[in-house]
Amino acid sequence: MSESLSELRSGLTPRALAFGILWVFIATLWQTVFWGLSTVPIGNMPGAEQLTGMPTVAVFFAFVTIMIGNVLLSKMRFTVQEHTVVYAMMLLAGAPVGFYQGWFYLTALFGWRRPANNEVLAWVPSHLIPPKEVVDPALTGGVAVPWGEVSGFMTTFVVMYLLWGFYGLFSALILRRQLIEVERAPFPYATPGIELIRQSEEADGKPRIINFSIRGTKVLWVGILVGFICYLPWLLNALAPEIFVVPWSYTWEGGFFFNLDGAPINLWTILPQVMGCFWLNPELIAFAYMVPADILLSAGWGWFIFTWIVPIIEDALAITPKAAGWSHCYSPYWFYGMSHGIRHALAFDWGGVLGLGVAMVFLNARYLSNTIKRIFAPEAGEAERNGMTYRAMWIALIITFVLFFIFLTSWASWSPIMALFVLIYMQIYFFGQTYMKAEAGPQEWYWYWYTDDFVSAAVVFGTAKFPLSPGPQSALYEFALYPYMFGYPSSCAIQCTSLEGFKVADATKTRPRDLIIAYGITMPIVYILTIVFCVWMAYTFGITRLRTPNWGGFGNTAASFYDRPAGYLPDAEKIQFFAWGFIATILLLILRMRFVWFPVHPAGIVVGVGADVKAGPAFWVAWFLKYITLKVGGTALYERVVPFAVGVGVGAVLLRIIHAAVVTGITLSVGL
């Protein structure tokens, strides 16, 4: 460790916990309620954060804490360690495993009570889904919440994600020392938090954040103003719809589906609608500026080549047949992929991340084996240095794994082999996401349907060859429930998010144990509040009247899992793309390790070509900005710009909160 144990300070004070819990409540309320009531996608949540792991919510509330605890109430003088504890709590509160997954889980499982899903219900444990007479009133709302009847459903959600969260936390703890202290992995998205927390330190008798004699302070406030102004048109548009709005980005709720009505599918028919394919959020560009240049180069140019060059070549060579009609996309490249059957995103989002996961297991095998040895021969000061002894970490991880296994096989009625398979499979995937978070910042958005084929193949093969499940239909139930338990939540894996907090703690000399306790307090609050808010809104306003139904699977209910061709085995094309993505990513990693000059980074390719392809344009722009900055002023100029980038994130989220509140108020005043 770069500093001795005596330099570590505690930030786990009553006032830090009080601020943290208050902000967690507000952030969960904001994200969950505004998500359901706001009719404008860009204003109801932290936007690209849920897809890229960008800590805008945590950065914003760190700013608010500094302004209250060090400026307005200057006698409080929050320490950097206290700010670190609050920041770590907000990292988990800002992750969409709470509000986002709450809506997804509720609308999907309530949707299983629809008549089309009667076949599913024969295999669904009754305690997972309330009876039909309890579910139906939630569709239109206007009734009191039957808390007793939905208590089993709510308990399942809380228990499942607490197991998920603590399993990820203990996994992160085992990796923490290797990634943060030994390898000194950059964790680029930790930089905004570190930079902002340091603004709370005093200089010339007052906090740096209001000491305008310091150049960095001025730059920070200019960035806040710019971030605020960038989204100001959205607020004005909400008040006066005739005001033009700059479409920094679209989301799927924006409705950019293409219906070419039989017209030829090529880049030129797509080009007029291409604006909806870019995510050029100012804060996404600003935070990407802090990502290492080689990853920006790989992500940005990877996106450009696979978006604009490869499709033209494939089209000219007639590699795959065209198919006109509806298609859902995030970029021309994705549109081409879905309409032509070209699955580059499948290759890198599935094969690529799993390839990184397998590689990370091998690269850290010696370290992991040494941690096991420490179970029997602990180091002096190990608990203080790491927050827990390795013996305690491994015991906690094993206990959580066993409890999760028991939960899946008893409460959720999964077969033992399926439960074991999925837990191990997801752990490997988490290793890949951890590599992404440590090196690139984004941890990769995990679109579960890419692995549906893989999991379904395992289900069918196991049903036929092993006592995986009592019968094919129950196996399909396991498969249908899989994405709601393991799909979207892994996109904001607690393992990755908590490691980012530990990186901030390392920079601020905060005791790791403080963060472990803070995380342990935050997770149950977030998950309990999330499901309470979601259920209350469903019965108060009605699922079919909120903006969430089609999102959580209510429109595409469990019946869709049963409407596929018999056999469920993935086709050869998907396996082929998985295989070459898996191999290509590992080869790129080997080349990076073997040749220092090799410019292509596998983590960057996964960001720019995988499911985070939406963020590719922002990384491309950030690469240009960073390249110019380093060319003109070198490292010194780059470091001067960092406070500006942090400020853009703060200003953007501030305006988004105001905008979401205004839009929600307007929505309630005129009716849903």
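For PHE170, the conditions (1) within 27 Å of VAL86 (Cβ to Cβ); (2) touching a Lys or Arg at 6+ places or on another chain (Cβ under 7 Å); (3) hydrophobic (A, V, I, L, M, F, W, C) all hold with the exception of (2).
Which count do you get for residues in the stretch 506-545 that are over 30 Å from LEU139 (Cβ atoms) and either outside any helix (DSSP H, G or I) or among the acidic types (Asp, Glu) (or both)? Let's see the steps before the verdict.
Looking only at the stretch 506-545, we keep the residues that are over 30 Å from LEU139 (Cβ atoms), and these are 506-523.
Next, only the ones that are either outside any helix (DSSP H, G or I) or among the acidic types (Asp, Glu) (or both) stay: 506, 509-511, 514.
Adding up the residues that qualify gives 5.
Inspection of the stretch 52-66 identifies at least one residue that is open to solvent by 10 Å² or more (accessible area, probe 1.4 Å) and at pLDDT below 75. Report every pair of residues separated by at least 6 positions or lying on different chains whose Cβ atoms are under 9 Å apart, first residue within the stretch 363-380 and under 16 Å from ALA392 (Cβ atoms) and among the charged types (D, E, K, R), second open to solvent by 60 Å² or more (accessible area, probe 1.4 Å) and assigned to a helix (DSSP H, G or I). Close Cβ pairs (under 9 Å, with a partner that is open to solvent by 60 Å² or more (accessible area, probe 1.4 Å) and assigned to a helix (DSSP H, G or I)) amount to ARG374/ARG391. Scanning the stretch 579-588 turns up at least one residue that is surrounded by 24 or more Cβ atoms within 10 Å (Cβ to Cβ) and on the phi < 0 side of the Ramachandran plot.
Okay, residues lined up against (1) open to solvent by less than 10 Å² (accessible area, probe 1.4 Å); (2) touching a residue at least 40 places away in the same chain (Cβ under 8 Å); (3) under 27 Å from THR307 (Cβ atoms); (4) out of contact with any His (no Cβ under 8 Å at 6 or more places or on another chain):
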position	(1), (2), (3), (4)
VAL607	yes, yes, yes, yes
GLY610	yes, yes, yes, yes
PHE619	yes, yes, yes, yes
LEU625	no, yes, yes, yes
GLU639	no, no, no, yes
ALA652	yes, yes, yes, yes
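When TRP394, TRP414 are screened for being crowded, with 18+ Cβ neighbours inside 10 Å and in a loop (DSSP other than H, G, I, E, B), only TRP414 passes.
Every listed requirement among (1) surrounded by 23 or more Cβ atoms within 10 Å (Cβ to Cβ); (2) at pLDDT below 80; (3) assigned to a helix (DSSP H, G or I); (4) small (Gly, Ala, Ser) is met by ALA88 save one, (2). Residue-level check: of (1) among the polar types (S, T, N, Q); (2) open to solvent by 50 Å² or more (accessible area, probe 1.4 Å); (3) under 30 Å from LYS373 (Cα atoms), SER171 misses just (2).
The values are calculated or read from the model by the stated rules, or taken from the named source; none is laboratory data. Since we're looking at a predicted model, the values are computed, not measured. Using ideal geometry, Cβ is built from the backbone for each residue, glycine included, and neighbour counts are taken over all protein chains shown. Accessible surface is based on the protein model in full, side chains and every heavy atom, while ligands, DNA and RNA are left aside. Shrake-Rupley method; radii C 1.70, N 1.55, O 1.52, S 1.80 Å.
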